[in-house]
Every structure is written in C-alpha cells, then in structure tokens.
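Novice: I'd like to ask you about the structure that follows.
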Amino acid sequence: MDYGYGGNYYGGSKKRSGILIFLLLVVIAVIVFSFVKKSGHRGAVAGIREPIQKETKGYINSKVDGYDIHIEYKYEYDIEALVVSTHDYSGGGIGDKLSPKDVALAWGKVAEYNKKIDFNWSQSGRWVNWHVDNVDVLEPVGGIDGVARQCSNNHLIPSDTRTKKAVKKIKKGDHIRIKGYLVYIDGSKSDGSTFYWNSSTSRDDDGDGACEVIYVTSVEWLK
C-alpha cells in the first residue's frame, strides 16, 4: 500500500511537472511570437539594387491639422530595401500626422553585410544613427562613405487609408519595395504658422536635410 501510494504520489508529481513544463512552453511561444510580430526575419539581403527615381511633375493639396498643405511631386521613386530600423511618431504635431513612421532602409553591400557588421542602427527625432566599434569592419561596404550611399532615413507619408495600414505594418528585418514620390511639402495656417519638408533627391548626402520624404502609393513585401 505504501509503495502504491508512493507510486500514485510520484505520478501526481509528474503530472504537475508536466503542467509546469507546458505552461513554460506556452510563455516561451508567446515571447517568440511577439518578437517575430515586431521584427521581420531578414538580417541581411544580397543583391538589392539602388533606388530608382525619375523626374516628374504634379501635386496634391490637402488639409491636415488645420494646415493647408501643398505636396509637390519632385521625382517618381521606387526603392527596394532591407528595413534596418523603424520609429513610430505620434506626438500630435503636423509632421507626425503627415508621417506617422520613419523607416531606415539599406540596399547594396550595406544590406548584404548588415548581419555580419553590427551597425547598431537607431532612430529618434526624425534622424537615423549608426555606429561601429572599429571602422575597419566597413571595408566590405566601402567605408563610411559607402554606408552613407547605401542607406537612408525615410519619412513615409501614406497616400490613403490602405497605404497607411501597410506603412504601419513595416518592421525591422522586412525586405520591402516602396513606390511613390519624393516630395516638397509647404503648409500654412490662418494664424501664420508654417511648415515645410523638402525631400533629399541624392543618395550621396548626409546630415540635416538628407532624409527622403516619400509620398507612398504602395508597399510590397518581398521574399
């Protein structure tokens, strides 16, 4: 009887252990799922071409946050890239309402070596930053100048509700293609307040004013 009781007790211990293991696995699965949901699965992508832009003309007028907004198309823009960082903006100002998300994009050798080189990408205040511990590791991508030519920070302005939903889904690690226009934006309010953004149209610039301002018409996820 004692042995039998002990056997039953042992079995109960196994049962409780099994439940604990199951609950632990569930917690791990939730954590993994949350990480995958927040981040794409690509650390690096080889063979991504340079962005394509073609001079164009056109404009739209809109009203946002009390501003009369004039959006002038400068270039048609078609960029395939690896998303190396994203930052959502929801401060409530005109800039955040026009562009709720910035994405840092990489192509060429920077996208190819993104996993081998720890760039430490980060974004804040409508800027993208990166740093490495030793600049020698940048040789495969063409040094500091090579990084500057093969990555960009992008203010994304959705053209409609459908595009806005797509923009919000973009995650670090995604391999995407964005189409739209590089634009100049001029806004004014009746109280005299003004706002403007002017997109970079060069891949060789850096610093203040080097961000691409994209009026987004489509977002496509690539394999």
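The values are calculated or read from the model by the stated rules, or taken from the named source; none is laboratory data. It should be emphasised that the depicted structure is a prediction, and the values quoted were computed from it without experimental measurement. Glycine also receives a Cβ, built like all others from the backbone with ideal geometry; neighbour counts cover every protein chain displayed.
Novice: Looking only at strands (runs of 3 or more DSSP E) that fall completely inside the stretch 126-223, which ones have 2 or more residues that are buried (at least 16 other Cβ atoms within 10 Å of the Cβ)? Break it down stepwise before answering.
Specialist: Details: elements: 127-129, 151-158, 175-188, 194-198, 212-221.
The qualifying strands (runs of 3 or more DSSP E) are 151-158, 175-188, 194-198, 212-221.
Novice: Scan the stretch 45-75 for residues that are over 21 Å from Cys151 (Cβ atoms) and in contact with a helix residue (DSSP H, G or I) (Cβ under 7 Å, 6 or more places away or on another chain) and jot them down.
Specialist: Here is the first cut: in the stretch 45-75, the residues over 21 Å from Cys151 (Cβ atoms) are 54-73.
Those that are over 21 Å from Cys151 (Cβ atoms) and in contact with a helix residue (DSSP H, G or I) (Cβ under 7 Å, 6 or more places away or on another chain): Val64, Asp65, Tyr67.
Novice: Looking only at the stretch 203-218, decide whether some residue is of a type in the set (A, V, I, L, M, F, W, C), more than 20 Å from Glu72 (Cβ to Cβ) and assigned by TED's automatic domain parsing to the domain that holds Thr86. Before you say what the answer is, go through the steps one by one.
Specialist: Pass one, the stretch 203-218, residues of a type in the set (A, V, I, L, M, F, W, C): 210-211, 213-214, 216.
Now restrict to residues that are more than 20 Å from Glu72 (Cβ to Cβ): none.
Checked the stretch 203-218: no residue is of a type in the set (A, V, I, L, M, F, W, C), more than 20 Å from Glu72 (Cβ to Cβ) and assigned by TED's automatic domain parsing to the domain that holds Thr86.
Novice: Oh, and also: Looking at (1) in contact with an Asp or Glu (Cβ under 8 Å, 6 or more places away or on another chain); (2) within 19 Å of Trp127 (Cα to Cα); (3) not aromatic (Phe, Trp, Tyr), which is the only condition Cys151 fails?
Specialist: (1)
Novice: Give me the pairs: first residue in the stretch 196-220 and more than 20 Å from Gly95 (Cα to Cα), second residue of a type in the set (S, T, N, Q), beta-carbon distance under 8 Å, and six or more apart or on different chains, which are they?
Specialist: Listed by first residue and then by second, the contacts come to Arg203/Gln150; Arg203/Ser152; Ser218/Thr163; Val219/Thr163.
Novice: For residues in the stretch 80-111 being more than 13 Å from the chain's Cα centre (by Cα) and among the β-branched types (Val, Ile, Thr), which is farthest from Arg203 (Cα to Cα)? Let's see the steps before the verdict.
Specialist: So the first thing to find is which residues in the stretch 80-111 are more than 13 Å from the chain's Cα centre (by Cα), and the list is 90-98, 107-111.
If we keep only those that are among the β-branched types (Val, Ile, Thr) too, we end up with 94, 110.
Working: Ile94: 26, Val110: 13 Å.
My answer is Ile94.
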